[in-house]
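What follows is a set of notes on a single structure, which appears directly below.
Bear in mind these aren't lab numbers, they're just calculated from the coordinates by the rules spelled out. These numbers come from a predicted model, not from an experiment. Ideal geometry is used to build each Cβ from the backbone, glycine not excepted, and the neighbour counts take in all protein chains shown.
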Amino acid sequence: MKRLVLPLISLLFFGCGDDPLPKPKAYLRLEYPNAVYKKVNTPLPFSFEKNEIAEPISELKIKGDAIGMDITYPSLKGTIYLSYKKVEDNNLDNLLRDSQNLTQKHTIKADEISQNEFLNPEFKVYGMIYEIGGDAASQSQFYVTDSINHFLSGSLYFYAKPNYDSIYPASEYLKKDIKRIMETVRWKN
């Protein structure tokens with residue numbers, strides 16, 4: 001009996017205590033610096049403002065009839081790819097269709113694609129921004145044009161596996177930069 005009582009008492013003594021409580025839900029808190037924009041004069045026939053946390057634009061890339069430049073954000077592991085084409089020989093419809101088709105390629109993985117028209121008649125800048133929800137490769141795409149001479153398109157990509165929940169904060173931050181680019185595009189004569 002003594003052999004049974006001692007282990008039973010020690011079990012009761014050490015077995016009693018505070019019940020474990022589940023930890024409250026926690027959310028990842030990502031803080032990005034307030035955006036400070038600076039005008040970028042490109043060798044192309046337009047200028048715009050970009051966020052200072054992005055790396056300087058160093059080189060132009062020529063691919064067919066398009067000239068591209070990258071706005072890279074190393075701290076966010078993302079890049080906005082810009083592509084400029086000259087409007088000529090009534091190719092505006094083709095440029096618009098190509099831009100829209102590029103966005104539609106993401107419907108396979110996208111949960112939603114919303115589009116917002118952009119109009120700035122004062123500076124002859126007209127365009128569209130597409131915001132893509134879900135695990136698509138690109139989270140935003142856009143284009144702006146003056147409808148006569150210039151066509152600029154852009155896409156936001158992250159160099160990480162598309163996981164919407166993980167890249168959402170960075171995506172929202174960079175969508176503001178994309179909108180600022182669209183708002184500040186000024187065509188050169």
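Local charge sum around Asn51 (other residues, Cβ-Cβ under 10 Å, Lys/Arg +1, Asp/Glu -1)?
Here the count lands on +1.
For region 151-160, take each phi angle, set θ = phi - 60°, evaluate the Karplus expression 6.51 cos²θ - 1.76 cosθ + 1.60, and give the result in whole Hz per residue in order, putting x for glycine and proline.
Karplus values, whole Hz, x for Gly and Pro: 9, 10, 10, x, 9, 9, 10, 10, 8, 7.
Which distance in Å, rounded to a whole number, links the C-alpha centroids of region 44-62 and region 142-175?
Measuring centre to centre over Cα atoms gives 14 Å.
Return one number: the angle in degrees, 0 to 90 and rounded to the nearest 10, between the long axis of the Cα atoms of helix 92-104 and the longest principal axis of the Cα atoms of the chain.
10 degrees
Can you run phi through the Karplus equation (6.51, -1.76, 1.60; θ = phi - 60°) for region 40-48 and list ³J(HN,Hα) in whole Hz, with x for Gly and Pro?
So the J values, rounded to whole Hz, are 10, 8, 9, x, 7, x, 7, 10, 6.
Which shape class, rounded, prolate or oblate, goes with the chain when its Cα gyration tensor gives a ≥ b ≥ c as root eigenvalues, a/c under 1.5 marks rounded, and past that a/b bigger than b/c marks prolate?
Prolate shape, in that a/c is at least 1.5 and a/b is the bigger ratio.
So which lysines pass the test for Lys63, namely a Cα distance under 19 Å, with those fewer than 8 places away in the same chain ruled out?
Lys85, Lys86
By how many degrees, 0 to 90 and rounded to 10, does the Cα axis of helix 164-184 deviate from the longest principal axis of the chain?
Once rounded, the angle reads 30 degrees.
Whose amide H sits under 5 Å from the amide H of Ile57, counting only residues 5 or more places off or on another chain, with H placed in the peptide plane?
Placed amide hydrogens put nothing under 5 Å from Ile57.
Hey, if you drop one equal point scatterer on each alpha-carbon of region 36-140 and run the Debye formula without solvent, what base-10 log of I(q)/I(0) do you get at q = 0.11, 0.15, 0.20, 0.23 Å⁻¹?
These q points yield log10 I(q)/I(0) values of -0.42, -0.82, -1.43, -1.52.
5 Å is the cut-off here: which amide hydrogens, built 1.01 Å from N in the peptide plane, fall below it relative to Phe118, excluding neighbours closer than 5 in sequence?
Correct list: Gly127, Met128, Ile129.
Rounded to the nearest 500 deg cm²/dmol, what is the calculated helix-only ellipticity per residue at 222 nm for the chain, with -39500 (n - 2.57) per DSSP H run of length n ≥ 4?
-8500 deg cm²/dmol
Give a residue-ordered list of calculated ³J(HN,Hα) values for region 68-85 (Karplus: 6.51 cos²θ - 1.76 cosθ + 1.60, θ = phi - 60°; whole Hz; x for Gly, Pro).
x, 8, 10, 10, 9, 10, x, 5, 9, 6, x, 9, 9, 9, 9, 9, 10, 9
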